[in-house]
Amino acid sequence: MKRILSGIRPTGGLQLGNYLGAIRNWVALQETFDDCLFCIVDLHALDTLADTSTLKNDTREMAAAYIACGIDSARFPIFVQSHVPAHTELAWILGCLTPLGWLNRMTQFKDKAGKNQENALLGLYAYPVLMAADILIYKATHVPVGEDQKQHVEFTRDLAGLFNRTFNVDFFHLPEPMIFGEAMRVMSLRDGTVKMSKSDASDYSRINLLDDADTIALKIRKARTDGDPLPDNLENLKDRPEARNLINIYAALSGETAAQICVQFAGSYFSTFKKDLSDLLIAVLEPIGAKMHQLLREKDELDAVLQRGAESANKLANQHMQEIRNIVGFL
Ligand code: TYM
């Protein structure tokens with residue numbers, strides 16, 4: 001049995017990295033997998049969100065984004081993590097098995113906590129355990145994510161194995177990360193060495209799915225580049241991270257390889273390339289944005305999709321949770 005689970009934090013809309021690194025791949029995978037679950041991980045949003053006043057809207061906006069990008073909510077549950085309590089119950093059980101040393105190795109915690117780890121929050125530190133529970137509660141076998149989440153999926157595999165060994169069972173599958181395409185790691189438009197992210201202070205560092213055509217064109221025009229023309233091969237882009245990033249984005253959107261895009265634009269200056277890139281971005285993102293706006297006007301229907309999603313997710317999660325309680329030995 002093959003089953004996909006993936007999720008995105010609803011922290012202020014979707015950026016291009018989420019779309020190209022994750023959700024677009026989910027849309028393709030739903031054609032080959034009979035069993036998929038798509039989660040909006042609102043509990044995970046708490047570890048970076050000081051102010052929860054926009055959380056309800058952000059959660060609906062994420063649901064609208066999933067549907068507008070092409071997730072088929074009639075076939076597969078789209079649901080909100082906090083609507084399925086078994087995630088947090090399993091997270092506690094897994095947390096009681098997790099050696100601190102495993103968590104200390106997580107690079108995302110180190111990046112986000114920065115130098116002042118004394119003030120970092122427990123939720124941020126324990127976050128990979130909740131992510132493992134998100135995946136394991138459904139016994140998912142495949143987890144399509146961007147490259148930045150690979151370490152967390154590997155942690156999930158280790159934890160699944162540890163649970164099986166501890167209780168001498170063969171209960172959890174070891175889930176596989178699925179990372180593919182030219183956009184496994186979309187980088188910031190302001191600095192080609194850091195990933196594009198919703199938490200970057202500058203909105204010019206990212207393209208948001210709800211940006212209008214003028215904003216997209218402006219952001220791409222302002223994207224940091226160098227003064228050299230584009231080379232005809234990727235080898236010559238090794239030390240030009242911003243140029244490489246824009247080529248990767250173009251390739252991911254057009255369905256060609258980065259090498260093909262290099263050949264196509266060899267010798268062109270960024271002024272030409274950027275114009276073509278923003279036209280392509282607008283052609284792909286504008287219909288998604290329009291559909292999202294339409295869905296967001298029909299809140300009741302959106303909430304009904306999430307309610308149906310929660311019902312089927314709870315059904316499977318509760319069935320597994322009962323088995324887990326028996327394995328662990330609760331009365
Ligand atoms: P999050 O919300 O940061 O990102 C959601 C998905 O988008 C991918 N992604 C990117 N891919 C390429 N380039 C980028 N710049 C970029 N930025 C984000 C991420 O790799 C991810 O696939 N911990 C997860 C959410 C999560 C989850 C889960 C994922 C919670 N439970 C269970 C899968 C399964 C996170 O913070 O993703």
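The values are calculated or read from the model by the stated rules, or taken from the named source; none is laboratory data. Treat the numbers as computed from the prediction; the structure is a model and nothing was measured. Glycine also receives a Cβ, built like all others from the backbone with ideal geometry; neighbour counts cover every protein chain displayed. To get the accessible areas, we keep the full protein, side chains included, count just its heavy atoms, and leave off ligands, DNA and RNA. Shrake-Rupley method; radii C 1.70, N 1.55, O 1.52, S 1.80 Å.
Could you give me the ³J(HN,Hα) list for the range 140-149, computed from phi with Karplus coefficients 6.51, -1.76, 1.60 and θ = phi - 60°, whole Hz, x at Gly and Pro?
3J(HN,Hα) across the range 140-149, in whole Hz: 5, 9, 9, 10, x, 8, x, 4, 5, 9.
Could you sort 3-15, 95-107 so that the peptide with the highest average Cβ count within 10 Å comes first and the rest follow in order?
On the way: 3-15: 22.9, 95-107: 12.6.
Answer by packing, highest mean first, reads 3-15, 95-107.
For the chain, give the percent of accessible area contributed by carbon and sulfur heavy atoms, probe 1.4 Å, rounded to a whole number.
50 percent
Show me, for the range 230-238, the HN-Hα J-couplings you get by feeding each phi into the Karplus relation (A = 6.51, B = -1.76, C = 1.60, θ = phi - 60°), rounded to Hz, glycine and proline as x.
6, x, 9, 8, 5, 3, 7, 9, 3
What residue among W92, L37, N119 has its Cα farthest toward the positive end of the dipole of the range 1-134, where the charges are +1 on Lys, Arg and -1 on Asp, Glu, each on the Cβ?
Among W92, L37, N119, the one farthest towards the positive end of the dipole of the range 1-134 is N119.
Residues with amide H under 5 Å of E176's amide H, sequence separation 5 or more or different chain, H placed in the peptide plane at 1.01 Å from N; which?
HN-HN under 5 Å from E176: H142, V143.
Counting only complete DSSP H runs, which helices of the chain cover 15 Å or more along their long axis at the Cα atoms and score a mean Kyte-Doolittle of 1.0 or above? Could you put the intermediate results ahead of the total?
Details: long enough: 55-69 (21 Å, -0.07); 122-136 (21 Å, 1.54); 150-166 (24 Å, -0.75); 241-254 (19 Å, 0.24); 270-297 (38 Å, 0.34); 299-328 (41 Å, -0.73).
Span-like helices here: 122-136.
Can you pull out the trypsin sites (Lys or Arg not before Pro) in the range 173-243 that DSSP calls coil and that have at most 15 other Cβ atoms within 10 Å? Write out the running numbers ahead of the final one.
Numbers: sites: R185, R190, K195, K198, R206, K219, R221, K222, R224, K238; in loops: R185, R190, K198, R206, R224, K238.
Here the trypsin sites (Lys or Arg not before Pro) that fit, given the DSSP loop and packing criteria, are K238.
Given all pairs of different Cα atoms, what value in angstroms does the Kirkwood hydrodynamic radius of the chain take? Provide the component values of the computation, followed by the final result.
Working: mean 1/r = 0.0478 Å⁻¹.
Value: 20.9 Å, from the Cα pair sum.
Can you tell me the FRET efficiency between D303 and L162 if r is taken as the Cβ-Cβ distance and R0 is 56 Å, rounded to the nearest 0.05? Let's see the in-between values first.
Values: r = 38 Å, r/R0 = 0.68.
Efficiency, from the Cβ-Cβ distance: 0.90.
Could you pull out every residue, at least 5 positions away or on a different chain, whose amide H is within less than 5 Å of the one on K195? Hs are placed 1.01 Å off N in the peptide plane, and Pro or chain starts have none.
Distant-sequence amide H within range of K195: S188.
Please report, in debye to the nearest 20, how large the charge dipole of the chain is about its Cα centre when each Lys and Arg carries +1 at its beta carbon and each Asp and Glu carries -1 there.
440 debye
Of K112/K238; K274/K299; K56/K315; K198/K238; K195/K275; K56/K112, which ones are farther than 31 Å apart at the Cα?
Values: K112/K238 27 Å; K274/K299 37 Å; K56/K315 24 Å; K198/K238 26 Å; K195/K275 23 Å; K56/K112 24 Å.
Where the Cα-Cα span goes over 31 Å, the pairs concerned are K274/K299.
State in Å² the accessible area per residue of the range 203-294; use a 1.4 Å probe, count heavy atoms of protein chains only, and round to the nearest integer. If you can, show how the numbers build up before the last one.
Working: 4320 Å² over 92 residues.
Ligands and nucleic acids excluded, the figure is 47 Å² per residue.
Sequence-distant or interchain residues sharing an amide H contact under 5 Å with L37, placed H: which?
I4, L5, S6
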